[in-house]
Amino acid sequence: MALMKLMYQDLRKIALARREAEDSTFVRQGELNNASVCFAQALFIRGLLDMSSSFTKSTARNIFYGGSVFFFLFFIGLTFDTMTALPKRDNRANLSDAVKHGKKIWETRNCIGCHTLLGEGAYFAPELGNVYKRRGPEFIKAWIQAQPTGAPGRRQMPQFHLNDQELNDLVEFLKYSSEINTNSWPPNIEG
């Protein structure tokens, strides 16, 4: 503590001496003003000295507990907001057995290993969150049945040998996914 006070006094003396010297000379705009820098350092050290005498353990404890309570209440508020907004956006009214079975097909065939759905998954193949709106059910079925296309230089989707009911259920799942309110995600209509 005494050492810091001595440093403060020395820096203040240096700053005052430099300021007096620079007052008599012309300092161009944009040059570093050493006296100002030294004076700012002295003020910073003085601030540390003042803070060390007023910043006690009880002050630190109160800041910690006050901040903890504030952020706890803040996150409770965010949780409440999410829980009240989610039912309006998640499309749970349209959840049918066909959609559930289509999701099971999506998971068991590891479609998310290549595609993304609502921003989650791999980025090897296109986003499928809005493919139903973009292409329609018949195109999706025909595309899945035509794979692999054998086009040179293109990534190829494997043939999953899905029957008509499985294709319909998968298309229902993609339809359900496209009707979820995602705040305009993905931003690009092509996924």
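The values are calculated or read from the model by the stated rules, or taken from the named source; none is laboratory data. Please read all numbers here as calculations on a predicted model, not as lab measurements. As a convention, Cβ positions derive from the backbone with ideal geometry for all residues, glycine included, and neighbour counts pool all protein chains shown. Just the protein is used for accessible areas: all its heavy atoms, side chains included, with ligands, DNA and RNA removed. Shrake-Rupley method; radii C 1.70, N 1.55, O 1.52, S 1.80 Å.
So the values come out like this:
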quantity: Of all residues making up the stretch 139-162, the number that are more than 21 Å from Tyr123 (Cα to Cα), assigned to a loop (DSSP other than H, G, I, E, B) and touching a helix residue (DSSP H, G or I) at 6+ places or on another chain (Cβ under 8 Å); calculated: 1
quantity: Test: residue in the stretch 116-126 that is under 14 Å from Tyr176 (Cα atoms) and either touching a residue at least 40 places away in the same chain (Cβ under 8 Å) or not basic (Lys, Arg) (or both); calculated: yes
quantity: Residues (over 30 Å from Asn183 (Cα atoms) and either in contact with a Gly (Cβ under 9 Å, 6 or more places away or on another chain) or open to solvent by less than 50 Å² (accessible area, probe 1.4 Å) (or both)) located in the stretch 132-147; calculated: Gln147
quantity: Test set (1) more than 28 Å from Arg89 (Cα to Cα); (2) not in a helix (DSSP H, G or I) - Asn188 fails condition number; calculated: (1)
quantity: Residue match in the stretch 163-178 (condition: part of a loop (DSSP other than H, G, I, E, B) and surrounded by 11 or more Cβ atoms within 10 Å (Cβ to Cβ)); calculated: no
quantity: Test: Glu31 is exposed (fewer than 12 other Cβ atoms within 10 Å of the Cβ), over 30 Å from Leu174 (Cβ atoms), of a type in the set (Asp, Glu) and modelled with pLDDT under 85; calculated: yes
quantity: Lone qualifier among Gly129, Gly150 - being surrounded by fewer than 15 Cβ atoms within 10 Å (Cβ to Cβ) and either of a type outside the set (Ser, Thr, Tyr) or more than 23 Å from Ile189 (Cα to Cα) (or both); calculated: Gly150
